[in-house]
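Here's the structure, in structure tokens; my notes come after.
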Amino acid sequence: MGSEDGAGLVESRPIARVVGGREEVRESGWGRENAIMRLDSSMFGPEALFGLDGFSHLEVVFFFDQVDSLEIDRGARPVPGGQDGALVGIFAQRSRRRPNRLGVSRCRITSVSGLDVHVSGLDAAAGTPVLDLKPYVRKFGPRGNIRQPEWASVLMHDYY
């Protein structure tokens, strides 16, 4: 899949690409989007997806390739949509302008066919390189109560 270096690490490369769905990145409405993640046929055969259709949801790790490296956030910026001037650091938000431009999304699997995983609610645009797929397993979800600031709830109101 990748080349090994002296430390025994394997170089990462995309395992799939997003096909179809939204062409441009926008800040809301991702829940209405349907897309396909098509595995790289030079790396995988259909057997790599065997059993995936037994799950309802999928976690997707992808690369924000449409974000220019000059747009990367490394510090803090005003709370998105906030009026009080409070600042939020890059690691306290889910911005696409992350230092390593890695995105993580959870979406619904609608079908699996050959090398294609059909999904709804994936917040990655067409052409996006996919780095990994993992079935969502309830026991790997958060344990206990979930806490988040009010601004995050407001911001996400129309996201999906």
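Yes or no, residue by residue, for (1) assigned to a loop (DSSP other than H, G, I, E, B); (2) surrounded by fewer than 18 Cβ atoms within 10 Å (Cβ to Cβ); (3) touching a strand residue (DSSP E or B) at 6+ places or on another chain (Cβ under 6 Å):
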residue	(1), (2), (3)
Val117	no, no, yes
Asp123	yes, no, yes
Asp132	no, yes, yes
Arg143	yes, yes, no
(message) Going by what's in this entry, would Asp84 be described as at negative phi, open to solvent by 30 Å² or more (accessible area, probe 1.4 Å), in a strand (DSSP E or B) and out of contact with any Lys or Arg (no Cβ under 7 Å at 6 or more places or on another chain)?
(response) no
(request) State whether the residues of segment 84-102 include one that is aromatic (Phe, Trp, Tyr) and either modelled with pLDDT of 95 or more or within 17 Å of Asp132 (Cβ to Cβ) (or both). (result) no
(request) Could you check how many residues of segment 104-131 are within 17 Å of the chain's Cα centre (by Cα), closer than 17 Å to Phe50 by Cβ and not β-branched (Val, Ile, Thr)? (result) 2
(message) With the requirement that a residue be part of a loop (DSSP other than H, G, I, E, B), within 19 Å of the chain's Cα centre (by Cα) and modelled with pLDDT of 90 or more, what does segment 31-74 give you?
(response) Asp40, Phe55, Ser56
(request) May I ask you to say which residue of Arg98, Arg147, Arg77 is of a type in the set (D, E, K, R) and assigned to a strand (DSSP E or B)? (result) Arg77
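The values are calculated or read from the model by the stated rules, or taken from the named source; none is laboratory data. A quick note: this is a predicted structure, and the numbers were derived from the prediction, not measured. Glycine gets a Cβ as well: all are built from the backbone with ideal geometry, and neighbour counts include every protein chain shown. Accessible surface is based on the protein model in full, side chains and every heavy atom, while ligands, DNA and RNA are left aside. Shrake-Rupley method; radii C 1.70, N 1.55, O 1.52, S 1.80 Å.
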